[in-house]
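Undergrad: Before anything else, here's the structure in question.
Every number here is computed from the coordinates shown, using simple stated rules; none is lab data. Remember, predicted model here, so these are calculated numbers, not experimental data. Quick reminder, even Gly has a Cβ in these numbers, built from the backbone with ideal geometry, and neighbours come from all protein chains shown.
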Amino acid sequence: MGVLCVTQWYTLHIERHDELLNQLSSALKHHPEFERAFSDFEAQKVCYLPIGAFLLKPVQRLLHYHGLLERELIECIKAG
């Protein structure tokens, strides 16, 4: 996967992130069967995080990468 493709995917994810969370919240609120299945799955502790946390990860990674690159740049400048 090329850098441009990944960048486009991240951009799309960020642009639609709030919409996705709103749709998930609405589905949980209006569809009791889905809410039960969702809750049952999370209660099984199959995953170490709730499903909602996985929806945030790509957005958080971008901020993390920015900090990493800034620290690396500072170290490179110090090293001369």
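Undergrad: Can you tell me the convex hull volume per residue for the chain, based on C-alpha atoms, in Å³ to the nearest whole number?
TA: Measuring per residue, one finds 136 Å³ for the Cα hull of the chain.
Undergrad: Set the Förster radius R0 to 22 Å, insert the Cβ-Cβ distance between Leu20 and His64 as r into 1/(1 + (r/R0)^6), and round the FRET efficiency to 0.05.
TA: Plugging the Cβ-Cβ distance into 1/(1 + (r/R0)^6) gives 0.65.
Undergrad: Hey, another quick one. Of Leu28, Leu69, Leu12, which has the largest mean-square fluctuation in a 10 Å C-alpha GNM of the chain?
TA: Leu69
Undergrad: Still on this model: Given points 7 Å out from each Cα along the Cα-Cβ axis, report the His31 to Gln44 separation in nanometres with one decimal.
TA: 1.8
Undergrad: Magnitude of the Cβ-charge dipole of the chain, K/R +1 and D/E -1, about the Cα centre, nearest 20 debye?
TA: 160
Undergrad: Right, another one. Which listed residue (Thr7, Leu49, His66) has the Cα farthest towards the positive end of the charge dipole for the chain, taking +1 on Lys and Arg C-beta and -1 on Asp and Glu C-beta about the Cα centre?
TA: The one lying farthest along the dipole's positive direction is His66.
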